Amino acid sequence: MYLNQKELAELKQLIHKKQRQIEDSLVEMKKSSKPVNLDGSFGRLSRMDALQQQQMALNNQLHLEKELKQLKASQNRIDQGVYGYCLQCEEPIGFKRLCVKPEVLLCFACSKAQEVP
Ligand SMILES: [Zn+2]
């Protein structure tokens, strides 16, 4: 493990904090997302706008759920003592990169390679 105890503790805290934030926003989102009533009157908001907004909220929710899964995976990796190493090439990801995105599971080079051009 290339991370020292202090760095690891810091990242653990970051993961916890981020996880709580995401869980909170998901609860809020589910509370406020109501199905679009297509027969109802939208006032100034057109039916298309309402559907578009619903789609955006859904995308946002899916994105957060994915992030939450990654955060949980990161926690498992901490428990297993393999956190901070790239899933693909097994190189250390680097403390600074982990501080910015503690849920990241790939190193910079591998995540770049995965991006669709
Ligand atoms: Zn890698």
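Side notes on the structure shown:
- Scanning segment 100-117 for residues that are under 21 Å from residue 9 (Cα atoms) and more than 9 Å from the ligand (Cβ to nearest atom) yields 100, 101, 102, 103, 104, 105.
- Residues of segment 79-99 that turn out to be more than 16 Å from the ligand (Cβ to nearest atom) and modelled with pLDDT of 95 or more, as a count: 1
- For residue 67: the one exception among (1) modelled with pLDDT of 90 or more; (2) open to solvent by 60 Å² or more (accessible area, probe 1.4 Å); (3) among the charged types (D, E, K, R): (2)
- When segment 89-117 is limited to residues that are assigned to a loop (DSSP other than H, G, I, E, B) and over 24 Å from residue 19 (Cβ atoms), the one that is least open to solvent (accessible area, probe 1.4 Å) turns out to be 89.
- Residue count for segment 64-88, restricted to those that are over 22 Å from residue 23 (Cα atoms) and of a type in the set (S, T, N, Q): 2
Residue-by-condition table, conditions (1) at pLDDT 95 or above; (2) exposed (fewer than 13 other Cβ atoms within 10 Å of the Cβ); (3) not in a helix (DSSP H, G or I):
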{"position": "2", "(1), (2), (3)": "no, yes, yes"}
{"position": "8", "(1), (2), (3)": "yes, no, no"}
{"position": "12", "(1), (2), (3)": "yes, no, no"}
{"position": "18", "(1), (2), (3)": "yes, no, no"}
{"position": "45", "(1), (2), (3)": "no, yes, yes"}
{"position": "55", "(1), (2), (3)": "no, yes, no"}
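- Residue 61 vs. criteria assigned to a helix (DSSP H, G or I) and over 16 Å from residue 18 (Cα atoms): no
The values are calculated or read from the model by the stated rules, or taken from the named source; none is laboratory data. Only a predicted model underlies this, so the values are computations on that prediction, with no experimental measurement involved. When we count neighbours, we look across all protein chains shown, and the Cβ atoms used for this are built from the backbone with ideal geometry, even at glycine. Only protein heavy atoms, including side chains, enter the accessible area calculation; ligands, DNA and RNA are left aside. Shrake-Rupley method; radii C 1.70, N 1.55, O 1.52, S 1.80 Å.
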